[in-house]
Amino acid sequence: RSPPRYNEGTLIEAMQQGLQNLVGSSSGYLESLPASVRSRLEYLDNLQGDYDTAEEALNEEIKALEKKYRPVFDKLTDLRRQVVTGALEAPEEFKVDDDEAGEGEGEGEGEAAEEVSGIPDFWLVALCNCELIEELISQKDAEILGHLIDVRCEDIFDEEGDEEGYKLTFEFSSNEYFSNKELTLKINASTENGMLSVDELEGTKINWTSDAKNPTIKIMKKKQKAGSKAKPMTKKEPVDSFFSLFTPPELEMEDMDDAEAGKLQELVERTLAIGEFLREDLIPHAVHWFTGEAIQDEDAEDDEDSEDDDDSEDDDDSEDDSEDDSEDESDDDDDAPAKVPVDAENPECKQQ
């Protein structure tokens, strides 16, 4: 019996209809298949059941491992916090001599080296060394982030122990900018059928001591008529700031036009990207971002990707272009400016 034939343009529709018929009540499609094919499908269905069972077991073991190691990670990050804030000194075995460290360079004779507590500007320098984060940080933001003493992440689980999101916490020392001790960003997201669904974005309301201290706004004075003695009117214009992260966009998209919906999507995607980066990379490896080691690792990965791209392009080039390729390769990245860590003694970020 020859297979059915379809006109051009209807084959995909017919396949989709056949797949839809596989779901729900029987349409006779499966029953119409030859017995040998149905036997194979029965076997595949059994294999799929075994696969699903193994996948569930894997997920349960992963959850158990994460639960087992969570206290270990928490202890290590707490020790890091104590060292950064000056509450804990490094053990004697890690002591570095002043001569070896090069401390005191440039100081006058007889001047005693200033006693420094903890690691000043640890989180500011780490954040400024991240390209994704640095572009959000204005000079005014940097001044405030100098008071940042800890950044941590807490996973959020539902009643069944399944992860449903996480909360980022930024802890600050007392400062002149706001009264909050902690600023948090809560991200509730779930994955279904390979698609990420954002359920909630919630940030802390920042209690700024004054509008002048708030880096997320710019105070504009309205022009007055000549000779007017009335008090100048002002208006507040929003500006880009790292601290806008704690006022995430509302997820309600009703009554939005395409432009507004597109802008909302960009803001949500940026918030998610920053959140995931902080959670998966910066917080676990903060010391490497402070020292700049993480930047070198990123550059090395970029170089490897670039080499892979160059190799694939070279494979497609003809022999006549080989001389031109060699000339291009001679102009390497050695002359390019190196990306270096921000100086902890004089941290500066992007000025706006």
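Some notes on this structure:
- Exclusive hit being in contact with a Gly (Cβ under 6 Å, 6 or more places away or on another chain) and surrounded by 14 or more Cβ atoms within 10 Å (Cβ to Cβ), set LEU148, LEU132, LEU124: LEU124
- Condition met for TYR43 (in contact with a helix residue (DSSP H, G or I) (Cβ under 6 Å, 6 or more places away or on another chain) and at pLDDT 80 or above): no
- Taken as a whole, the structure places GLY86 among residues that are on the phi > 0 side of the Ramachandran plot and at pLDDT 90 or above.
- Residue in region 206-213 that is more than 25 Å from ARG70 (Cβ to Cβ), in contact (Cβ under 8 Å) with a residue 60 or more places away in the chain and of a type in the set (Gly, Ala, Ser) present: no
- Considering region 62-86, and only residues there that are of a type in the set (A, V, I, L, M) and within 13 Å of PHE122 (Cβ to Cβ), the residue that is least open to solvent (accessible area, probe 1.4 Å) turns out to be VAL84.
- Criterion violated by GLU260 - all others in (1) open to solvent by 70 Å² or more (accessible area, probe 1.4 Å); (2) in a loop (DSSP other than H, G, I, E, B) satisfied: (2)
- Residue identified as at pLDDT 95 or above and surrounded by 16 or more Cβ atoms within 10 Å (Cβ to Cβ) among GLU182, GLU176, GLU171: GLU171
- Residue in region 248-255 that is over 25 Å from ASP121 (Cα atoms), modelled with pLDDT of 85 or more, open to solvent by less than 100 Å² (accessible area, probe 1.4 Å) and in contact with a helix residue (DSSP H, G or I) (Cβ under 8 Å, 6 or more places away or on another chain) present: yes
- Summed over region 195-239, residues that are modelled with pLDDT of 90 or more and of a type in the set (Gly, Ala, Ser) total 3.
- Qualifying residue in region 93-109 (condition: modelled with pLDDT of 90 or more and surrounded by fewer than 10 Cβ atoms within 10 Å (Cβ to Cβ)): yes
The values are calculated or read from the model by the stated rules, or taken from the named source; none is laboratory data. Quick caveat, the model's predicted, so the values are computed rather than measured. No Cβ is skipped: glycine too gets one built from the backbone with ideal geometry, and neighbour counts run over all protein chains shown. Note: accessible area is taken over every heavy atom of the protein model, side chains too, but ligands, DNA and RNA are not part of it. Shrake-Rupley method; radii C 1.70, N 1.55, O 1.52, S 1.80 Å.
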